[in-house]
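For reference, the structure is listed below as structure tokens.
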DNA sequence: GTCTATAGTTAGATAGAC
DNA sequence: GTCTATCTAACTATAGAC
């Protein structure tokens, strides 16, 4: 048990395995995004990546294990876009608008997170802990961000950082549902920007790089 | 085809059938609320109501048909609580807070709608049209409600009725996800009330009847 | 690391008797 | 209106060969 991993590295089989894992994760993201977790199947993932099911399950312990790997990978990419844990409050807030704009270009991924966060509210769901921690972390950091704005005098009077964090996350989630139901009916980044401007006096970007 | 229904009525079997349908709908609501639509099974519904599956399917055309019946029934009950299409803007807005407070007492139903509205963002989902119409209707009526407040001077300066409608719905939906994930961490009615008070100067209730 | 074969489960829906 | 019996299909996961 102790040095299984290092032994793999020594054998030199790790690089190939890493590529296989990456292909599986790509396909899994696509499948889960199209069908949701419960309806999406390992069978379909295996088919897309050109493997048998047992072949795939050699790399991941189970369907739920595969899901968790997909989620963590996505989060890494999102958090690279929004430096929520940094010291620049204005950058964090504008990062949220950028994220909303970016999300509008990947509806499948948005749908996956939307369906999963709903499914995962059940305590028995394999991703329940993952989402509970994710929301805790985000809420905490966003509250801290609004506190930064508060001390720099960029918060509108009467705005409480904890409530601002809670409602901002709620608005982002809620906008996604409405956007997914009718994608032509609303501009997520613009709506989020309008909402955030009720909380802060900060100048806000539009989420479109060329206008920044 | 023409007079099948009236013949049923003539035979007098309709009343009994109505009771059976009601029991099935009750059980179906419970099952879907516990497991979601995809994971919930007709088999389980039939078991709870003490019937065989074909017996149940005699009353409803299919699983998705059953779902639609459950949803319509729930909506009828919710809209009885919130008179969104009335002429009293203040009553409508306070009705939303009451609804949030009421929802906090039926987590299973909230979970059902939460999961379903996410699942149903996919255009192939059996409830897609249902939810698309439901959101259109709600947004339209809520916008009209905020317009009423606007003309009576109860809207805060700069608040746009259309945006207010959109973001209020988003906040309500988003709060539900966070509440479901950690029910002890937030008071949906209180948070919604705080949010609404950023939109209107109206005096707002707390959602608790005794304090009104 | 990948396969074939298969176990074991669960599901939605229909046929046809009563 | 309700049943028994059954069909058909899909899924996760494991055993064991290569």
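Across the range B:171-196, the qualifying residues are those that are more than 9 Å from every other protein chain (Cβ to nearest Cβ) and not in a helix (DSSP H, G or I), and the one among them that is farthest from residue A:171 (Cα to Cα) is B:184.
Which condition number does residue A:84 fail, the rest of (1) assigned by TED's automatic domain parsing to the domain that holds residue A:122; (2) modelled with pLDDT of 90 or more; (3) part of a helix (DSSP H, G or I) being met? Result: residue A:84 fails condition (3) only. Within the range B:38-52, restricting attention to residues that are in a loop (DSSP other than H, G, I, E, B) and away from DNA strand D (no atom under 11 Å from the Cβ), which residue is nearest to residue B:113 (Cα to Cα)? Among those that are in a loop (DSSP other than H, G, I, E, B) and away from DNA strand D (no atom under 11 Å from the Cβ), it is B:40. Annotation: of all residues in the range A:66-89 being in contact (Cβ under 8 Å) with a residue 60 or more places away in the chain and surrounded by 13 or more Cβ atoms within 10 Å (Cβ to Cβ), the one that is farthest from residue A:22 (Cα to Cα) is A:89. Taking (1) more than 23 Å from residue A:30 (Cβ to Cβ); (2) facing chain B (nearest Cβ under 9 Å); (3) in a helix (DSSP H, G or I) in turn, residue A:111 satisfies each apart from (1).
Among the residues making up the range B:38-58, those that are surrounded by fewer than 19 Cβ atoms within 10 Å (Cβ to Cβ), within 12 Å of DNA strand C (Cβ to nearest atom) and away from every other protein chain (no Cβ under 14 Å) are B:42, B:43, B:44, B:47, B:51, B:52, B:53, B:54, B:55, B:57, B:58.
Taking the range A:130-152 as the region of interest, how many residues are touching a residue at least 40 places away in the same chain (Cβ under 8 Å) and either surrounded by fewer than 16 Cβ atoms within 10 Å (Cβ to Cβ) or within 13 Å of chain B (Cβ to nearest Cβ) (or both)? Looking only at that region, the number is 5. Among the criteria (1) under 26 Å from residue A:137 (Cβ atoms); (2) within 11 Å of DNA strand D (Cβ to nearest atom); (3) more than 14 Å from every other protein chain (Cβ to nearest Cβ), the one residue A:64 does not fulfil is (3).
Put simply, of B:104, B:35 the only residue that is assigned by TED's automatic domain parsing to the domain that holds residue B:178, surrounded by 15 or more Cβ atoms within 10 Å (Cβ to Cβ) and more than 15 Å from DNA strand D (Cβ to nearest atom) is B:104. Taking the criterion of being crowded, with 17+ Cβ neighbours inside 10 Å and either away from chain A (no Cβ under 12 Å) or part of a loop (DSSP other than H, G, I, E, B) (or both), the residues of the range B:115-125 that qualify are B:120, B:121, B:122, B:125.
The values are calculated or read from the model by the stated rules, or taken from the named source; none is laboratory data. Remember, predicted model here, so these are calculated numbers, not experimental data. Heads up, the Cβs are rebuilt from the backbone with ideal geometry, glycines too, and the neighbour counts pull from every protein chain shown.
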